[in-house]
Amino acid sequence: MNTSSDHTPIDFVLPWVDGGDPAWLAEKNRWLPQHQGHSDAISNNRYQDFGTLRYVLRSIEQNCPWYHKIYLITANQRPHWLQPNHPKIEIVSHQQLFIRPQNLPVFNSSAIEMNLVNLKGLSEHFVYLNDDTVILRPTPRERLFQHGLPVDFLCHGWLKRGALFSRLRGQNSWVDALNNNIRLINRQFQPASLSKQQLFASSYSLREKISNILLKYFYRHYFWFAHWHLPQPYTRHTLQEVYQHFAPEILASTANRFRAPNDLTIYLNRYWQLASGAFIPHKYNDGYVRNISNLADLSHAIDHLHQHPEIRFVCLNDTCTSQNSNEVAQLIHAQHTFYQHYLPNPASFELNNS
């Protein structure tokens, strides 16, 4: 296999939607009466755009200068500040991406993700991230891929995301989809097949190693993979394998315009990589994810990030529900000021004076 020190291309892939676009909003509202499911599936926070994308793309160019290409997946939208036809960025419409375009329009990020196997031109090695995840500091390619494999960690949980979990945390469409992923993985893999190096890597905590002992020798099946909301390395080969094994379930999930009980998520591909052993085991502590609902939350997060230079990956997840436009504007301004501090220079694909 290739090592990470060579020049094999590594792409970045991310979805983005302009939730304030009147045409997109009209289409969404036209289909909304058909939705039946958890109310969290149609929350405005899922579509609200705080303008972070500019800094996400800047961060890739500045802090991952080894990247090959960026694929931006949209609903026939383009940020006004982004150059058209730039050689390093390709805007991919849902129409181009979907295996079954007749299922469009779709307002379900999980359904969109499950069509990535159909992304034309994608390199064998790629990193998937969301449009609110910024790479704040320089990141070598070895952080994400080594010897042709994704760098990742397999740490199992203690509590199944089942009835008890629902009573403690409430029902959630995303949790339903994760459980669907795991049911499929258990059809193909058993934890006993994994090596001790993969389950008991030196970077895992003692608690995580004990949990993995229970997984391998007592549970003998998966019910919880720990993960973060951070840039995730994948191989195209994994996407193809997963599709070959679960095409009926994947195609059914891609027909869900809004989140639904039979959804799958892109983490199905990550779980496959982990359960099949196709990863380099190492758990880093270089990510920071926080829900931001007000200026106080943001201020605490920014103070923490200034004080911890080891943090590379940042997701300040918008959970603001305020109807006060002035308060929202202040929150957006403060967030942009923070990112501008670390990423002051426009990327090569930004239009001048935009």
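The values are calculated or read from the model by the stated rules, or taken from the named source; none is laboratory data. All of these numbers come straight from a predicted model, not from anything done at the bench. Cβ sites come from the backbone with ideal geometry, for glycine too, and all protein chains shown count toward neighbours.
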Problem set entry | Residue within the stretch 246-257 that is at pLDDT 95 or above, assigned to a helix (DSSP H, G or I), closer than 15 Å to Glu113 by Cα and acidic (Asp, Glu) present | yes
For this session: Would you mind stating whether Gly51 is assigned to a loop (DSSP other than H, G, I, E, B), within 19 Å of Leu230 (Cα to Cα) and either at pLDDT below 95 or not polar (S, T, N, Q) (or both)?
Result: yes
For this session: For the stretch 273-289, state whether one or more residues are touching a residue at least 40 places away in the same chain (Cβ under 8 Å), among the aromatic types (Phe, Trp, Tyr), surrounded by 18 or more Cβ atoms within 10 Å (Cβ to Cβ) and assigned to a helix (DSSP H, G or I).
Result: no
Exercise. Which of (1) surrounded by 16 or more Cβ atoms within 10 Å (Cβ to Cβ); (2) more than 20 Å from Ala260 (Cβ to Cβ) is the odd one out, the single condition Lys120 does not satisfy?
Worked result: (1)
For this session: Quickly run through the stretch 255-302 and pick out the residues that are among the charged types (D, E, K, R) and in contact with a Phe, Trp or Tyr (Cβ under 6 Å, 6 or more places away or on another chain).
Result: Arg257, Lys283
For this session: Please list, ordered by first then second residue, the pairs with beta carbon atoms under 6 Å, 6 or more apart or interchain, first in the stretch 304-333 and in a helix (DSSP H, G or I), second surrounded by 21 or more Cβ atoms within 10 Å (Cβ to Cβ) and of a type in the set (S, T, N, Q).
Result: none
Seminar exercise, completed: Being assigned to a helix (DSSP H, G or I) and crowded, with 16+ Cβ neighbours inside 10 Å narrows Glu90, Glu61, Glu142 down to just Glu61
Problem set entry | Inter-residue pairs, beta-carbon under 9 Å, first in contact (Cβ under 8 Å) with a residue 24 or more places away in the chain and in the stretch 136-153, second assigned to a helix (DSSP H, G or I) and charged (D, E, K, R), 6+ apart | Pro150/Arg270; Val151/Glu142; Val151/Arg143; Asp152/Arg270; Phe153/Glu208
For this session: Return the residue satisfying two criteria in turn: it lies in the stretch 296-345 and is of a type in the set (Ser, Thr, Tyr) and buried (at least 16 other Cβ atoms within 10 Å of the Cβ), and of such residues it is nearest to the chain's Cα centre (by Cα).
Result: Tyr339
Exercise. So which of Ser43, Ser93 is modelled with pLDDT of 95 or more and closer than 25 Å to Asp318 by Cα?
Worked result: Ser93
Problem set entry | Unique match (being surrounded by fewer than 20 Cβ atoms within 10 Å (Cβ to Cβ) and free of Cβ contacts under 8 Å to residues at least 40 places away in the same chain) among Gln77, Gln95 | Gln95
